[in-house]
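Visitor: Have a look at this one.
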Amino acid sequence: MARQQVILAALGALFVIGCDCGSTSGGADAATEADAAADAPADAAADAEDLPAYDPTLPELDDPPGCDATFTDEGDVRVIAMGAKLLVADVESIETFRDAMHRFFRVHAAGCLSDDRPNLIVWPEDTGLHLVLLGSRGADARRASTSVGAYLAVIDGVFAPLQFYGERLGLDLFEYAGLLVMHATGDAAWRALADTFSAMAERYGVTMVAGTNLPELVESDDPAVVDALRDPDYRRPESVMVSADSRVYNFQYAWGPDGELFWSVKKSYLVPTEEDSLMMAWGPLRQMRPLELPFGRFGVVISKDAWMPDVLGRLDDLGADALVQSEAFMGGWAVPPPEEWQPDIVFEASWNHTQRYGSVRASVLPCMTGNYFDLPIDGQSAVFVDAASDDAPAGFIGQPARPGFATVGPWVMEDPGAAQPELTIAERRAILLERGAAMLPGSGAPEENGYIASVVGADLDLTPAANDPGGVAPVDFSASLPLTAWQAGDDTRERNADLCVDDEGGVHLAFESGPVGNRAVMLVSGSLEREDPFSGAAPESTISGSDALQPAVACTSEGILVAAVQRAGDAERIVLAAPGAGEVAELDGQGSFALVSRPALAVDALDASRVALVFHADDGAAARIWIARSEDGGVTFEAPRRVDDSELDGRGPRVNQWSPAVAWRGDTLAVSYVDFRDYSWDGYAMISEDGGGTFPAAPVRVTPVLDERERLYEEVQIVLLPDGDALAAYGGTRERRPDADVAIATLTLPAATTGPETTLSADADPTAHSEWAIAASAPTASGEVGLAWQDASTGRPGVFYAERAADGTIGPALRVDDSAEPRTHALEPIVVLSEERALVIWEDSREGVPRLRHASRQR
């Protein structure tokens, strides 16, 4: 097949599919470059005697070690975020790439390394993005003016290995040219990346995390394969790295202080250019596990994954102490339109997930900078920690200052608000936009591509330690009480509580307890008639062995039913402690599940013998919501089935669902969840009118679409009211604002038509702070519903409560948590409401790890 045909076909495919190009003239520029590439002569296939042998050695540098960051010299680990600037000139050869990475690290970070604690060095997403342009085969591509033109020139440069992979993988060269380029350059790109970061990790005795777009590779010494894939810039090697299959992933890898590669993760959620134009593959959610290091568990999220509630929720469930958000944020930093401020969008991720999740205590954000031909990449690297109300506030450019920043890197100019505090946010942004626009590709300004590289770091303390007592804050509930006694040095975590109330007013609380990897589900019972419902009660282990987590509990006609996830190695199963069973058993019908999580239970409010179990499971096609029902009080269950049985169409994460909840009242059974089907996380409900026997053909969206910008709802709960309608309670970020909101809205059943929403907040302006993790109680007989949520209006996450009356009016927001210690976080509330009392239970960090506390209020 003529290479000219392939190049021109690839040009059409890249533009028809849709390439993220920053210049409106990109199509004409790329077409001109395509003509030049098509007219170029074919590669000469000579094996010259004077070619150098490939040498993976890391060369010595004369530059003395330097340090651009400051540290406290306290804590378990020193983290350093390498905000590297991408320069196409760095990939003239493997040696120039290695020298550039090593020099940047040595000059700006090597002098920061700690001698008395481990060092973790994290690099941005796609640190090796430009490695497809490597060496003599990429010389024409490096001279291109557009990203599409560069790709077309690369096709010409690597045409022989591209043809080899087209035949080997059965991929049409016309249709898959963009994907095949990453296969064709994989051997050289892998050696450049792996040998560079492995050598630096070993040389400096650190853990290095970096990555790029690559297939999974295996070594081959087959002479025909070596001849097809060898790098023409070096002597013929004995072996090459060859693609294991047709899939290419956005990877992050980790090398230990011994230089050995020991871990990798694949990006689960791709941006349209990756998924459509380059036809890359998504990493399945089940491979999302924290990077286990001697000093802590680090969840590594690659760019878009850092906004995805299922990714973040799973890493929190698996005990991630900190997150690394590796970022190459395309589009610029201070760029139009001003109403979609790019720093706000990144703040939605790193800052929010550090404050939102009970396991996560810090987040590290290394940001790449630099124009990649016509694609701008920019951002400020930062380290975030659990916010404290007495923190010195900080922020990205053009933002109000907030607590929770351990450090933030510089931008190309100081925020004008520093010198002129009287400027409004809009006035500050207008000045910053002018500078940002000057750096964009094609601006012609002296500042074009004038981005800076930066290095920031912090010493993180991930070892649990109790906060100072700090006194008691005035609240609107009773003084809080611990669920179990705590003694100094006890780092037992108590998390993910669920409760039910029986017909006698007894309250039954299930929760997970113990260290990650060896958690047990505990059950404790009490009475709503007492101010301290659990006084004198001792929790008992209900589900144990390996790792038991995420319990759900139901008060059925036969007794107390507990469901949970049990993990043993890579196996995950829903298990049940059924009433009267005497032993824990797996739910039948899970043979195809690679991942299960988030079980939820509901008892029919009119018939306690009927029980519904919903959960999140990945059966290999997608991660969806499943249901199983019981007609005998939870003693036996039918086989699980998908709630939404619509065609998956091979779209992977595009049809992922998350965070199920269930409610049952007579013939009406409602299952709610969030779903990524429209490239936004929206809340949906499936309303069955025959008690869950059948569901509609498609779900009903119950969260509002305020505009067409991406929405990130992370949860939705349905409460079935005695009058036949329902209440939806939901939370998340929307309108590209940096803060998260929680809200409620009435649903008219059975159509699930959503009424006007009411936003809940302890602040008069709900957009001033973030609110997360809303919980709604079952309704009282007269229709009141208790609402509790996590609220950052005090400068750190706290718990607040409000009551919805039967007529729909909302009472005032009342503070529930009572710690006056500035670093204590109150998280993940649950609530129960009786005719006499409101009871709220939450995770509280005053003992250094999340532990359950509770408080009540007489009605």
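Since every read-out is calculated from the coordinates, none of them should be taken as a lab result. Because the structure is a prediction, the values reported are computed rather than measured. FYI the Cβ positions are ideal-geometry reconstructions off the backbone, even for glycines, and counts take in every protein chain you see.
Visitor: Remind me, relative contact order of segment 481-858 in percent, using alpha carbon pairs under 8 angstrom and six or more residues apart?
Guide: 10
Visitor: Classify segment 481-858: rounded, prolate or oblate, from the alpha-carbon gyration tensor (a ≥ b ≥ c, eigenvalue square roots; a/c under 1.5 rounded; otherwise prolate if a/b is larger than b/c)?
Guide: Rounded, because the longest to shortest axis ratio a/c is under 1.5.
Visitor: Give me the one-decimal nm value for the distance between modelled label points at ASP63 and ASN467, 7 Å along each residue's Cα-to-Cβ direction.
Guide: Placing both labels 7 Å along Cα→Cβ, they lie 4.1 nm apart.
Visitor: Using the Cα centre of the chain as the reference point, and only Cβ charges (+1 on K/R, -1 on D/E), how large is the resulting charge dipole? Debye, rounded to the nearest 20.
Guide: Dipole size: approximately 260 debye.
Visitor: Using +1 at the C-beta of Lys and Arg and -1 at the C-beta of Asp and Glu, which of PRO750, GLN566, ALA201 has the Cα lying farthest in the positive direction of the dipole of the chain?
Guide: Value: PRO750.
Visitor: Now for a separate question. Among VAL635, VAL521, THR780, whose Cα lies farthest out toward the positive end of the dipole of the chain, if unit charges sit on the beta carbon of Lys, Arg (+1) and Asp, Glu (-1)?
Guide: The Cα lying farthest towards the positive end belongs to THR780.
Visitor: Around MET279, with a cut-off of 12 angstrom between Cβ atoms, what is the net charge of the other residues, counting Lys and Arg +1 and Asp and Glu -1?
Guide: Its environment carries a net charge of -4.
Visitor: Treat the count of other C-beta atoms within 10 Å as a stand-in for reagent exposure and order HIS108, HIS769, HIS825 from fewest to most.
Guide: Listing HIS108, HIS769, HIS825 from fewest to most nearby Cβ atoms yields HIS769, HIS108, HIS825.
Visitor: Another question, if that's okay. Using a simple spin-label model with points 7 Å from Cα along the Cα→Cβ vector, what separation in nm is obtained for GLU175 and ALA581?
Guide: Going from the GLU175 label point to the ALA581 one covers 4.7 nm.
Visitor: List the trypsin sites (Lys or Arg not before Pro) in segment 522-627 that DSSP assigns to loop (not H, G, I, E or B) and whose Cβ has at most 15 other Cβ atoms within 10 Å. Which are they?
Guide: Taking segment 522-627 and a limit of 15 other Cβ atoms within 10 Å, the loop trypsin sites (Lys or Arg not before Pro) found are ARG530.
Visitor: Out of all Cα-Cα pairs in the chain, roughly what percent, to the nearest whole number, are more than 36 Å apart?
Guide: Of all Cα-Cα distances in the chain, 48 percent exceed 36 Å.
Visitor: Shifting gears a bit: Quick check: net charge around VAL702, other residues with Cβ under 13 Å of its Cβ, Lys/Arg +1 and Asp/Glu -1?
Guide: Neighbourhood net charge equals -3.
Visitor: Moving on. Between ARG859 and ASP667, what is the label-to-label distance in nm when each label sits 7 Å out along the Cα-to-Cβ direction?
Guide: Placing both labels 7 Å along Cα→Cβ, they lie 2.9 nm apart.
Visitor: While we're looking at this one, here's another question. If you count the DSSP beta bridges with both ends in the chain, what percent of them are antiparallel, to the nearest 5?
Guide: 90
Visitor: Quick test of the membrane-span-like rule: which DSSP H helices of the chain reach at least 18 Å along their long axis (C-alpha atoms) with mean Kyte hydropathy at least 1.0?
Guide: Correct list, ordered by number: 3-17.
Visitor: Roughly what % of DSSP beta bridges within segment 264-339 run antiparallel, to the nearest 5?
Guide: 40
Visitor: Determine the distance separating the Cα centre of segment 136-215 from the Cα centre of segment 807-832; give it in Å without decimals.
Guide: The two parts, judged by their Cα centres, are 52 Å apart.
Visitor: Fully extended, how many nm does the chain gain between ARG236 and THR72 (0.36 nm per residue separation, minus their Cα-Cα distance)?
Guide: 54.0 nm is the gain from fully extending ARG236 to THR72.
Visitor: I would also like to ask the following. To make sure I understand, if each residue's beta carbon is the centre and we count other beta carbons within 10 Å, what order do THR70, THR754 fall in, fewest to most?
Guide: So the residues, fewest neighbours to most, are THR70, THR754.
Visitor: I'd like the GluC sites (Glu not before Pro) in segment 59-107 restricted to DSSP loop residues with at most 12 other Cβ atoms within 10 Å, sorted by number.
Guide: For GluC sites (Glu not before Pro) across segment 59-107 that sit outside H, G, I, E and B with at most 12 neighbouring Cβ atoms in 10 Å, the list reads GLU60, GLU74.
Visitor: Round to a whole angstrom and tell me the spacing of the C-alpha centers of segment 779-804 and segment 602-662.
Guide: Here the answer is 27 Å between Cα centres.
Visitor: Further question: Please report THR492, THR57 as a ranked list, fewest other C-beta atoms within 10 angstrom at the top and most at the bottom.
Guide: So the ranking, lowest neighbour count to highest, is THR57, THR492.
Visitor: Can you give me the C-alpha center-to-center distance between segment 687-701 and segment 232-310, rounded to a whole angstrom?
Guide: Taking the Cα centre of each part, segment 687-701 and segment 232-310 sit 39 Å apart.
Visitor: Taking the Cα centre of segment 481-858 as the origin and placing charges on Cβ (Lys, Arg +1; Asp, Glu -1), which of LEU509, VAL603, SER834 is farthest toward the positive end of the dipole?
Guide: With unit charges placed on the Cβ atoms, the residue in question is LEU509.
Visitor: Determine the sum of side-chain charges near ARG624: Lys and Arg each +1, Asp and Glu each -1, restricted to other residues whose C-beta is under 10 angstrom from that of ARG624.
Guide: -4
Visitor: What are the GluC sites (Glu not before Pro) within segment 213-271 that DSSP puts in a loop, where the Cβ has at most 10 other Cβ atoms within 10 Å?
Guide: Filter output for segment 213-271: GLU238.
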